[in-house]
Amino acid sequence: MSEGILLAKVARGTLLPEAARVARLQEALPQIRAAVAGETDEVALQATLACLLWETLAQANWCGFYRRVEASLLAVGPYQGGMGCLRIPFDRGVCGACARTGLTQLVADVHAFPGHIACDGATRSELVIPVRVGDRVVAVLDLDSPHLDGFSPPEARILEDLLACTFR
């Protein structure tokens, strides 16, 4: 699957209504699953997911992974978008909270989140989902949007399921 994701084009930065975003993500899922089927290398999986989710989630201004490199430290992994933070300790920011707690973080307004790290000043909302291998959080999927409420609980659930099926 070298052509990327086959979806109707939507301009980067467009915040579609929630129902349209969910439908778009559901339409992309079979293509995404086919692209990663059988792959076991974590970097290859992360790079492919970052690319295909970037194409799917037009409201995102950053889409990628932070990898656990020490007991309480994340380092930037494969991503799409502008420059990301290079390292994030577990006690800082939305990504750190996700890695520390192992819980998805859906933040409607990052400026109201205690300890938010502004890697990109344009980011207004964030969705961060833990990536587990067995019981261990090995990475987080970080999605940023320049819109308030750029992501929804249904999108979070779909992406949680995708990550659970992709990484084991």
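Observations on the structure shown:
- Residues (part of a loop (DSSP other than H, G, I, E, B) and of a type in the set (Val, Ile, Thr)) located in segment 91-116: 104
- Elements of type strands (runs of 3 or more DSSP E) contained in segment 1-90, each with 3 or more residues being of a type in the set (Gly, Ala, Ser): 73-81
- Subset of segment 88-116 that is within 24 Å of residue 55 (Cα to Cα) and aliphatic (A, V, I, L, M) - its residue that is surrounded by the fewest Cβ atoms within 10 Å (Cβ to Cβ): 108
- Output for segment 117-153, where each listed residue is of a type in the set (Gly, Ala, Ser), buried (at least 24 other Cβ atoms within 10 Å of the Cβ) and part of a loop (DSSP other than H, G, I, E, B): 150
- Being farther than 22 Å from residue 166 by Cβ and surrounded by fewer than 20 Cβ atoms within 10 Å (Cβ to Cβ) holds for only one residue in 51, 85, and it is 85.
- Pairs are defined by a Cβ separation below 8 Å, a sequence spacing of at least 6 or placement on different chains, a first member in segment 55-73 that is touching a residue at least 40 places away in the same chain (Cβ under 8 Å) and under 22 Å from residue 149 (Cβ atoms), and a second member that is β-branched (Val, Ile, Thr) and assigned to a strand (DSSP E or B); the pairs so defined are 64/76.
For every residue, the table says whether it meets (1) among the basic types (Lys, Arg); (2) touching a strand residue (DSSP E or B) at 6+ places or on another chain (Cβ under 8 Å); (3) without any contact (Cβ under 8 Å) to a residue 24 or more places away in the chain.
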position: 106; (1), (2), (3): no, yes, no
position: 118; (1), (2), (3): no, no, yes
position: 123; (1), (2), (3): no, yes, no
position: 140; (1), (2), (3): no, yes, no
position: 149; (1), (2), (3): no, yes, no
position: 157; (1), (2), (3): yes, no, yes
position: 165; (1), (2), (3): no, no, no
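We did not get these values from a lab; they are worked out from the coordinates using the rules stated. Since this is a predicted model, take the numbers as computed values, not measurements. Because the Cβ atoms are built from the backbone with ideal geometry, glycine has one as well, and the counts that use them run over all protein chains shown.
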